[in-house]
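To start, the structure itself, in structure tokens.
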Amino acid sequence: MERRGQGLPRLLALLALLALQGPRACATPGPALWPLPLSVQTSPRLLRLAHERFYIGHDPFSAAGPSCAILQEAFRRYYDYIFGFYKWYHGPAKSPVETELQQLLVSVVLDSDCNAFPNVSSDESYTLLVKEPVALLKANRVWGVLRGLETFSQLIYQDSYGTFTINESIIVDSPRFPHRGILIDTARHYLPVKSILKTLDAMAFNKFNVLHWHIVDDQSFPYQSIAFPKLSNKGSYSLSHVYTPNDVRMVIEYARLRGIRVIPEFDTPGHTRSWGKGQKDLLTPCYNGHKQSGTFGPINPILNTTYSFLSKLFKEISMVFPDYFIHLGGDEVDFQCWESNPDVQNFMKQKGFGKDFTKLEAFYIQELLDIISTINKRSIVWQEVFDDKVELQPGTVVQVWKAEAYRGELSQVTADGRPVLLSAPWYLDYISYGQDWEKYYQVEPLDFDGSPEQKKLVIGGEACLWGEYVDATNLTPRLWPRASAVGERLWSHKEVRDVEDAYKRLAIHRCRMV
Amino acid sequence: MECSNSSDKPGFCAASLVIRTVTVAVACGLVTEVQRINSKAQDVCPPLNGCLGRYAEELPLQWRWSGDKEAGTGICRTIVDSGSAHTGWLSAVRQKCTLDRDAVWEEEGRKQEKQHTLEKNLLVIYVATPGCDQLPSLESVENYTLTINDEQNFLLSKTVWGALRGLETFSQLIWRSPEGTFFINKTEIEDFPRFPHRGLLLDTSRHYLPLPSILNTLDVMAYNKFNVFHWHLVDDPSFPYESFTFPELTRKGSYNPATHIYTAQDVKEVIEYARLRGIRVLVEFDTPGHTQSWGPDFYLHLGGDEVDFSCWKSNPDVQAFMKKKGFGTDFKKLESFYIQTLLDIVSAYGKGYVVWQEVFDNKVKVRPDTIIQVWREEVPVNYMKELELVTNASFRALLSAPWYLNHITYGPDWEEVYMVEPQAFEGTPEQKALVIGGEACMWGEYVDSTNLVPRLWPRAGAVAERLWSSRLMTNLDFAFKRLADFRCVLLRRGVQAQPLSVGFCEQEFEET
């Protein structure tokens, strides 16, 4: 036998450790599904898979065929996940399992979506029927096939003889929430494209389907704009700390092939210090008495040039990022600088806003929301935008992030008929000693006061990994397997909440990801 | 050598060095010459050669003097307490150096024409005491002086260990202009550690750490001038050490007897790898018989912490034994009996020993030269009080309590680690002198090779500077600048060290 891990390709070599109690978990044979599917029936009857014969192919009646790149790529990927990363045994010992599973046939029932981008209403359901000699994976769309392939790969394990083994099973599965996201922050620290791609891989293992890309912020502007190249030339950490249009395309396509949407966040009017470096007169000059202090505040909401700039920039963004949604931020706007500026004061007077700067903020966001709807996109905003009573277009999604009284916030937002995303209990950048994944796991997103109609407005949630203390060196171990807890909460049935059982499955799932 | 290891006074150390032994020339980043000046010396000095080879990978192809003010040339001459980004980690205090640019400029200007450029391509290393094959010890002298000026560039040290420390400092002094030219400032450094025992504990029992993880950690320890690797080899969860005497222990006690073990060869490799970096290996082991086969250090760590009495209480044989020995129901006496017997065994091997504080707290009789490691923060007493008690009983002490780096919190927790003052307890100067150092501990309950490196570095660097540099180094802003810069150095050297705050490094960590 060889030394574990040596010379083997490793998927996520930097995955953090789950915990102590299951030291032998990595050696435990048997399947462990994560996140747990809706319905699982397994029989004790075992089938074996021979790596030299087994293959994944298209059912002749499938709506998709070999021209479907998403599936072709996925077949190859999952073949590798199943056979490539395990130990190969060349012993004389022979497994008693005789019956062989020869292939997995994949069938797409409806129009395949092969060349489409996933969206919030993409159908991810699938059924998986494992029986000899041929297993069948059936889904309405390719997205369901991707989820089903992940489940299929998790069903396979090596028995003590080293034989790849699977139990005959019937699995029927679909997600509880349609929006299951991970937020990454590439402004506080730049993340190399490779790190982002690796994160997408791990997301697919956990059936996440949204990458919320908080791409720019106060600290840096790494997004290379075609219309405004100065933004990143001046606003990025360095000229090598940028995402070129090609990088962005690569991320989007890599995500698409895994059934993951990429939603960019261009947070305004606050969190924009880096924007000011490459775009003159965009930020509000702050005053100290009657003089400009030399510092700048949020985006200047009183100038027409601001809106023509935003209009042009967001038009570009809407073309670069294919998703229907753009995240507009809108959080933590600091009013001090606006208050200090005499021009802003005049504007307030003129508009009749009095001293209420939330009205000015609302004015700004309103303009921005109008810009977004004219380019036929929908918006996601942080909860302050709702809290400050900005008038929102129907369909604008509110993301709840403040940990304090988040259940009350969910009630209010949904009572107002707004779709909502939950992040408040899932700020994974906050770390503590010990097994904090349990805390994330036990959150119940619908546990708030409200009617069944209100509950339906919760479209999902996101685990957020803000970047103040995170870069490529510690991203993976900080994110995984902690985010997996959120992954199951958003995918699996509400009743799946036994922490002990989850621990056992998650420990094995971690070993699979390592 | 007259220098005191634990002196707090920055300034030149009045030692008279006999200059002889090996001269090593470094040019263009490569070791080009190893000359023998003195016949007593050895042609090949493994620690030094290895060290030079390692630095050669990142030393510049060309270093220049420059009179260019913008490029930051300066004469190093005053004690640093703020300022330069190029002063390196752990070496600042006794480095009589500042980039006092205007003053420097004047002086340079008087002496030379403006574009004074001098290319340096030779660093001469003088080691006073012959000997390259020994193991480092608690008494090893790590002092060195480094002189870089118009006339000469040399590194003086009494021992090879000092030369290793000096080379690390030298490598940290070199910086690169945006055009890619390597520079070194005119510098005079007189440096020595404040404490002789500067350790890092790794726990390979809670989770197995593959050998490369351990070796890589030794590299980074050397960058941080740590000099003791405390290897917590076995514990309740597993027994990964392959014992010649009791092979069953490993066969049945390790997570996986084929893969999750350290062979005797592995242990030897670790010891030699550490030696080449001037690092002692202090093995913590509760079954001393095993260490006979390789026992590296004069000191052995015997553990002795957190003994659970409830099982002993429940066992009738133990109860009978207690009665026979007249211990009554005081299980601390039984523990003392065990430790006492263990210590007798170890003493017979001619080794000194380090024990956790419980052995002292439970009043086990130990030899007067025993070193007590203080690890409990508040119970039974605050760790500062414990240091007072231990040193008051004339034992030497090691501090670890505030340096459990496996405990993590959100934010810049290195600051708290940095601000610990190991001698801030009530006591006589003699008592203070009994604090021989400390150790950063990385226990393994939630740590394995997936997250060891970012959790350890650069946080352990804060402990390293506290143990190496003067107690006067307490300016957090200055430390932050240097440590953030040092993290970028670590990234450049391929160490996956995590960020301290927002920002970036020229060279980020790239997934392979």
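Rule-based calculations on the coordinates, nothing more; no lab input. Fair warning: this is a prediction, and the values are worked out from it, not measured in the lab. Cβ coordinates were reconstructed from backbone atoms using ideal geometry, including for glycine residues, and neighbour counts include every protein chain displayed.
Here are some notes:
- Distances between placed amide hydrogens fall under 5 Å for B:His230 paired with B:Leu200, B:Leu201, B:Leu202, B:Leu282, all partners being 5 or more residues away or on another chain.
- Beta bridge orientation in segment A:179-513: antiparallel %, DSSP, nearest 5: 10 percent
- The GluC sites (Glu not before Pro) found in segment A:307-416 that occupy coil by DSSP, while having at most 12 further C-beta atoms within 10 Å, are A:Glu332, A:Glu391, A:Glu404.
- Set of aspartates and glutamates with alpha-carbon distance to B:Lys324 below 19 Å, sequence-local pairs under 8 removed: B:Glu335
- Estimated 222 nm signal from helices in chain A, with DSSP H stretches of n ≥ 4 weighted -39500 (n - 2.57), rounded to 500: -9500 deg cm²/dmol
- Distance (nanometres) between label positions extended 7 Å along Cα→Cβ at B:Leu215 and A:Gln103: 4.7 nm
- As a calculated quantity, the FRET efficiency between A:Ala50 and B:Asp477 at R0 = 45 Å, using C-beta atoms, amounts to about 0.10.
- Mean partner shielding of peptide A:465-478, defined as the number of other chain Cβ atoms within 10 Å of each residue Cβ, is 6.
- Using bins of 20 Å that start at zero, the share of Cα-Cα pairs per bin across chain A amounts to 22, 52, 22, 4, 0, in whole %.
- Among the trypsin sites (Lys or Arg not before Pro) in segment A:276-312, those placed in a DSSP loop whose Cβ has at most 16 other Cβ atoms within 10 Å are A:Lys280.
- Amide H contacts under 5 Å for A:Gln442, placed H, 5+ residues apart: none
- Long-range amide H partners of A:Arg188 with built H, under 5 Å: A:Gly467
- Cα coordinate range in segment A:391-483, projected on the principal axes (Å, largest first): 41, 26, 19
- Neighbour counts of C-beta atoms inside 10 Å place A:Phe353, B:Phe239, A:Phe221 in the sequence A:Phe353, B:Phe239, A:Phe221, starting with the fewest.
- Applying the criteria of a DSSP loop state and at most 13 other Cβ atoms within 10 Å to the trypsin sites (Lys or Arg not before Pro) of segment B:312-363 yields B:Lys363.
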